[in-house]
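The values are calculated or read from the model by the stated rules, or taken from the named source; none is laboratory data. Just so it is clear, the structure is predicted and the values come from calculations on it, not from any experiment. Positions of Cβ are backbone-derived with ideal geometry, glycine not excepted, and every protein chain shown enters the neighbour counts.
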Amino acid sequence: MQQTFRPSGTIDLRRWWSDARTSFLWIVLFALILRIGYIVVAHTYRFKPDNDNFGFGFEMGRIGRSLALGEGFGNPFDGITGPTAWEPPLYPFLVAGVFKFFGIYTPVSAFVLLSVNGFFSALTCIPIFLIARRCFTEQVAVWSAWAWALLPPIIFWSTRYVWETSLAALLLALIFWLTLLLEEQNGLKGWVCFGLLWGVSALVNTSLLSFLPASALWVWYRRAKRGQSSVTNMLVVTFVFALCLTPWVARNYHVFGKFIFIRSDFGAELRLGNGPGANGSWMDYLHPTKNIQQLHSYGEMGEIAYVTERTREAITFIREDYGRFAGLCLKRFLYFWAGVPREDLLRTLLANSLYVGSSFLAIWGLARALRKHRPGAWLFLWLMLLYPLPYYITFVLPRYRHPIEPELVILIMYGISAAFRRTHDPRMELAHGTVS
């Protein structure tokens with residue numbers, strides 16, 4: 001019998017890949033090396049000092065600076081404007097901690113913060129793998145986790161922006177995975193973690209809360225089908241969730257004299273997408289960071305009065321023509337899934353082709369998962385339906401989709417793997433007469 005010999009390096013590489021492809025250590029390590037390597041090579045830690053370094057963290061950076069200087073959680077724009085609830089608290093506190101140790105708006109602080117974002121992004125490979133393996137197959141899990149680790153569009157957000165985007169994606173993926181597990185868990189530990197994750201997520205990115213009702217009801221329904229009660233468990237979740245939020249809500253009440261659920265700025269965001277001249281895009285020229293008159297109004301009126309006035313303007317505009325508002329919401333729906341328009345048509349087509357393609361493939365994978373009654377398929381559907389709702393009525397920016405992209409990557413890989421299996425199934429070849 002003739003034996004085929006291969007170089008020992010090839011054999012070792014295959015043996016290594018056999019172990020590494022499902023190893024969380026190797027996946028996360030590769031992902032982290034790529035992200036930090038890109039930060040170093042592309043010098044993304046060198047933010048332009050324009051507008052007093054505002055591009056370094058935007059409002060998050062301003063609040064972080066205020067905290068680092070001992071001025072409290074405030075001053076989200078230029079100047080000393082006082083206390084704020086414009087942003088959720090956790091990421092600005094992270095920024096402040098880095099500023100304290102490595103300097104305010106320094107390249108070292110930028111490198112540290114971007115590296116931390118890269119670490120959050122790299123860790124997201126783990127829940128991606130676990131979700132995909134539970135809902136689909138190990139092959140889909142391997143493809144999904146390594147796609148998240150290696151794809152440049154995924155790497156972009158964690159290495160370019162000092163913002164909570166990568167942390168939000170990690171938290172939502174962990175919540176999604178834990179939601180799947182709770183269907184079969186009776187001990188309180190998992191439910192405490194569920195409440196804790198939702199509490200932390202709310203203090204990082206309040207938009208994630210749009211998925212909270214669906215995740216809780218999905219678990220309740222699935223357990224009810226198995227004849228298991230969830231009343232005590234949900235009370236535990238509610239208690240832990242409320243415990244996480246209470247200190248911040250109490251702070252807001254003490255500072256502003258009224259109940260504010262985490263953030264104060266929703267009305268201002270609503271006005272930036274709805275008003276005279278609205279076309280579905282973000283009217284950034286009305287934002288206090290770009291409009292000196294709006295900044296003066298914010299400073300003179302105070303944050304709460306300013307947001308109240310902007311809310312009134314937005315609601316007045318919406319009530320005057322509900323049809324136009326519906327049209328704007330439809331545009332924002334398209335922008336969320338197909339990308340935000342650019343300066344010209346050619347740039348829009350080139351830049352947004354990835355959004356269109358990934359959305360199509362994710363919807364295709366979801367449709368197949370629903371048709372095949374895959375575990376968790378309806379949970380994927382509810383996430384895609386509910387998470388974008390706040391952006392449909394306000395405005396859309398490209399990074400807003402990133403927190404649900406772990407789940408979209410899984411659906412894309414499931415759809416591709418199904419097509420791959422179909423193409424390489426010998427029975428399909430025989431059916432088409434390609435194998436004699």
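In this structure, V112 does satisfy being closer than 27 Å to E87 by Cβ and either part of a helix (DSSP H, G or I) or more than 13 Å from the chain's Cα centre (by Cα) (or both). Criterion first (exposed (fewer than 12 other Cβ atoms within 10 Å of the Cβ) and among the aliphatic types (A, V, I, L, M)) does A250 satisfy it? Judged against the criteria, A250 is a match. Would you say I404 is of a type in the set (V, I, T), assigned to a helix (DSSP H, G or I) and more than 16 Å from Q139 (Cα to Cα)? Yes; evaluated as a whole, the condition is true for this residue. In this structure, T289 does satisfy being of a type in the set (S, T, Y), at pLDDT below 95 and touching a helix residue (DSSP H, G or I) at 6+ places or on another chain (Cβ under 8 Å).
Taken together, G9, G70, G37 contain a single residue that is surrounded by fewer than 14 Cβ atoms within 10 Å (Cβ to Cβ), over 25 Å from the mean Cα position of the chain (by Cα) and at pLDDT 95 or above, which is G70.
Identification of helices (runs of 4 or more DSSP H) wholly contained in the stretch 258-325 with 3 or more residues that are touching a residue at least 12 places away in the same chain (Cβ under 8 Å) and touching a Gly at 6+ places or on another chain (Cβ under 7 Å) yields 303-320.
Let's see how each residue does on (1) among the polar types (S, T, N, Q); (2) surrounded by fewer than 17 Cβ atoms within 10 Å (Cβ to Cβ):
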site: S215; (1), (2): yes, no
site: K225; (1), (2): no, yes
site: T232; (1), (2): yes, yes
site: F239; (1), (2): no, yes
site: L243; (1), (2): no, yes
site: T246; (1), (2): yes, yes
site: I260; (1), (2): no, no
site: R263; (1), (2): no, no
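Among all residues of the stretch 112-120, there is at least one that is crowded, with 22+ Cβ neighbours inside 10 Å, small (G, A, S), under 26 Å from L174 (Cβ atoms) and out of contact with any Gly (no Cβ under 8 Å at 6 or more places or on another chain). Here S201 fulfils each of the conditions (1) touching a residue at least 40 places away in the same chain (Cβ under 8 Å); (2) in a helix (DSSP H, G or I); (3) polar (S, T, N, Q) apart from (1). Candidates are the residues of the stretch 41-63 that are in a helix (DSSP H, G or I), touching a residue at least 40 places away in the same chain (Cβ under 8 Å) and of a type outside the set (S, T, N, Q); the one that is surrounded by the fewest Cβ atoms within 10 Å (Cβ to Cβ) is A42. Being on the phi < 0 side of the Ramachandran plot, outside any helix (DSSP H, G or I) and surrounded by 12 or more Cβ atoms within 10 Å (Cβ to Cβ) is not true of V219.
Restricting to the stretch 226-256, give me the number of residues that are at pLDDT 95 or above and basic (K, R). Here the count works out to 1. Inside the stretch 73-95, can you point out the residues that are surrounded by fewer than 21 Cβ atoms within 10 Å (Cβ to Cβ), in contact (Cβ under 8 Å) with a residue 60 or more places away in the chain and either among the hydrophobic types (A, V, I, L, M, F, W, C) or under 16 Å from T289 (Cβ atoms) (or both)? Result: F77, D78, G79, L90.
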